[in-house]
Amino acid sequence: MLEYDGDELVRDDVTAGQVRRDAELEDAVVVEFPLRGEWSVERTPARRIPSHGTDLLGQRFAYDLVRTDHRPGFHLHPAGTLRLLLIGGRTRDCYGWGQPVHAASDGVIVQAVDGVPERQWLHIVRESWWAVKNTVVFARRGLDAARLAGNHVIVETGGTYALYAHLAPGSVTVRKGQRVGVGEVIGRVGHAGNSTAPHLHFQLMDSADPLRARGIPCAFTLYLVQRDGQWQRVESGIPQRRERICSVT
């Protein structure tokens, strides 16, 4: 009679899942990290694919990047977790809000949307409710890329399209048809669209139309990752969830 360990089966399943993810990410397009300074990785294809739970809108390999402080846990606002749950705090006080977003590669702007308002007060419970409500609305009325992404920019580079979403209103510095160079500021981190907190949603896709696009795997040329209190250099890497990473430039 064969004997087996249930835990071993779970480990085997996890390993198989990682192998599948690695296979999909093997030929990732490598671009520059689009932010400066230290950031935390909230959603990443390194953890699961699709990274946001859906292939819709080209999100299969998308990242969510937020700025946090050095307190234990995951704090993106000076207020404590309890205060954010009960009272909330100003959106503009979030560490990441207003930080510049840089073009991850040379390219041409194919879409630049600005003027979408953002919620001025961050409240964790309300933001979660807002996200659920939007999901229901989109399911009933159909997907609306602009409403989901808020203020956003799409840059085309050799048939690959980079989407930078949830930018702060009034911060988009580029226009359709404009050429941009890698590192050029194209907007600032915000909380517009279907967002639960100020962050940058970044993804690569194969079409300028998110409603038709398929996601393209993406890695970052060079960054530092904090491990065991030390910064380690990573080249052509795909950061893990909740890793604290830092730009080199």
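Computed quantities for the displayed model
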| read-out | value |
| --- | --- |
| Excluding exposed DSSP-loop chymotrypsin sites (Phe, Trp or Tyr not before Pro) (at most 16 other C-beta within 10 Å), longest clean stretch of the chain | 75-249 |
| Net charge dipole size for the chain [Lys, Arg +1 and Asp, Glu -1 on Cβ; Debye, nearest 20] | 1200 debye |
| Kirkwood-based Rg to Rh ratio, region 158-249, C-alpha trace | 0.98 |
| Where only C-alpha atoms are counted, convex hull volume of the chain per residue in Å³ | 160 Å³ |
| Placed amide H near residue 29: partners under 5 Å, 5+ positions off or other chain | 218, 219 |
| Within region 39-72, backbone nitrogen closer than 18 Å to the virtual label 7 Å beyond the Cα of residue 81 toward Cβ | 40-43, 66-72 |
| Highest-MSF residue in the chain out of 64, 228, 27 [GNM, Cα springs under 10 Å] | 228 |
| Fluctuation leader among 31, 41, 19 - the chain, Gaussian network, Cα springs under 10 angstrom | 19 |
| Within the accessible area of the chain (1.4 Å probe), percent carbon and sulfur | 52 percent |
| The chain - accessible surface per residue (Å², probe 1.4 Å) | 51 Å² |
| Reciprocal mean inverse distance between Cα atoms of region 53-119 - Kirkwood radius, Å | 15.3 Å |
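The values are calculated or read from the model by the stated rules, or taken from the named source; none is laboratory data. All of these numbers come straight from a predicted model, not from anything done at the bench. Using ideal geometry, Cβ is built from the backbone for each residue, glycine included, and neighbour counts are taken over all protein chains shown. Ligands, DNA and RNA are stripped out before the accessible areas are found, and what is left, the full protein with its side chains, is counted by its heavy atoms. Shrake-Rupley method; radii C 1.70, N 1.55, O 1.52, S 1.80 Å.
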